[in-house]
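Values quoted throughout were computed directly from the atomic coordinates according to the rules given, and no laboratory measurement underlies them. Since the structure is predicted, the reported quantities are computational estimates derived from the model, not experimental observations. Methodologically, a virtual Cβ is constructed for each residue, glycine included, from the backbone with ideal geometry; neighbour enumeration extends over all protein chains shown.
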Amino acid sequence: MMIKYFIRQFKLFIASIKANIYVQSNFPTAILGKNIEIYNYKKLQLGKKVSIQNNVILHCGGSSWCNYSGSISIGCQSVISSNCVFWGCGANIKIGKNFDCAPGVKIFASRTAYELKIEYPALNPHIFEDVVIGDNVICFSNVVIGPGVIIGNGAVIGANSLVLSDVPENTIVGGSPAKIIRKLNR
């Protein structure tokens, strides 16, 4: 039992090294922290000078449950802080330039279709919808963004918000679920 555990951990370690080598060779201006997990790394696109800090998970699909599809693209000069999870499985996560992402942000391009009858829980049907985030968006800590959400340029998402519907550009939203707080005069 312990041998299987160590073999699995070793395989994950090797996969992490491969992903980091791929990112560094294909995106040489990227700044990478420690313990970054990138799944299906060939479906990851990074603009210039993207910073990805410690303990980030970027899942770009590639599994049977999501029809082997999905991707993540992050625009130039974006910062992805520690402990973020971007789940681009079955659909795409598209992030514009200058994205300021605080620690603990989670973005999901898929969810379980809880509305449908489930006959066997391990085979739950899923809903896949792209998440699109514009340029110059700020997400404060622990924001959760659901599938199908479009966030306009210059939007600001308050800490601990749950974003399940579109956010207009130059707008501050917050809460669970997120609601418009006010427009920004830019």
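Can you tell which of Ala109, Ala19, Ala102, Ala113 is touching a Gly at 6+ places or on another chain (Cβ under 8 Å) and of a type in the set (Gly, Ala, Ser)? Steps first, answer last, please.
Details: Ala19 fails: touching a Gly at 6+ places or on another chain (Cβ under 8 Å); Ala102 fails: touching a Gly at 6+ places or on another chain (Cβ under 8 Å); Ala113 fails: touching a Gly at 6+ places or on another chain (Cβ under 8 Å).
From the options Ala109, Ala19, Ala102, Ala113, the qualifying one is Ala109.
Can you find, within the range 15-30, the residue that is farthest from Gln53 (Cα to Cα) among those that are surrounded by fewer than 14 Cβ atoms within 10 Å (Cβ to Cβ) and of a type outside the set (S, T, N, Q)? I'd like the intermediate steps shown before the answer.
Initially, the range 15-30 is screened for residues surrounded by fewer than 14 Cβ atoms within 10 Å (Cβ to Cβ), giving 17-18, 21, 24-26, 28-29.
Narrowing further to those that are of a type outside the set (S, T, N, Q): 17-18, 21, 28.
Details: Ile17: 16, Lys18: 18, Ile21: 16, Pro28: 16 Å.
So the residue we want is Lys18.
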Listed by first then second residue, the pairs whose first member lies in the range 18-32 and is of a type outside the set (Val, Ile, Thr), whose partner is in a helix (DSSP H, G or I), with beta carbons under 6 Å and at least 6 positions apart or on separate chains, are Ala19/Tyr41; Tyr22/Tyr41; Ala30/Val23
Given the conditions (1) of a type in the set (A, V, I, L, M); (2) under 25 Å from Cys66 (Cβ atoms); (3) out of contact with any helix residue (DSSP H, G or I) (no Cβ under 6 Å at 6 or more places or on another chain), every one holds for Met2 apart from (2)
Among the candidates Lys94, Lys11, which residue alone is charged (D, E, K, R), out of contact with any Lys or Arg (no Cβ under 8 Å at 6 or more places or on another chain) and free of Cβ contacts under 8 Å to residues at least 24 places away in the same chain? Lys11
Picked from the range 80-91 (must be under 18 Å from Ser64 (Cβ atoms) and free of Cβ contacts under 8 Å to residues at least 40 places away in the same chain), the residue nearest to the chain's Cα centre (by Cα) is Trp87
Among the residues of the range 1-58, how many are of a type in the set (D, E, K, R), closer than 23 Å to Ala109 by Cβ and part of a helix (DSSP H, G or I)? 2
When every residue in the range 69-126 that is closer than 24 Å to Glu169 by Cβ and charged (D, E, K, R) is compared, the one surrounded by the fewest Cβ atoms within 10 Å (Cβ to Cβ) is Asp100
Count - residues of the range 53-79 that are in contact with a strand residue (DSSP E or B) (Cβ under 8 Å, 6 or more places away or on another chain) and closer than 18 Å to Gly152 by Cα: 6
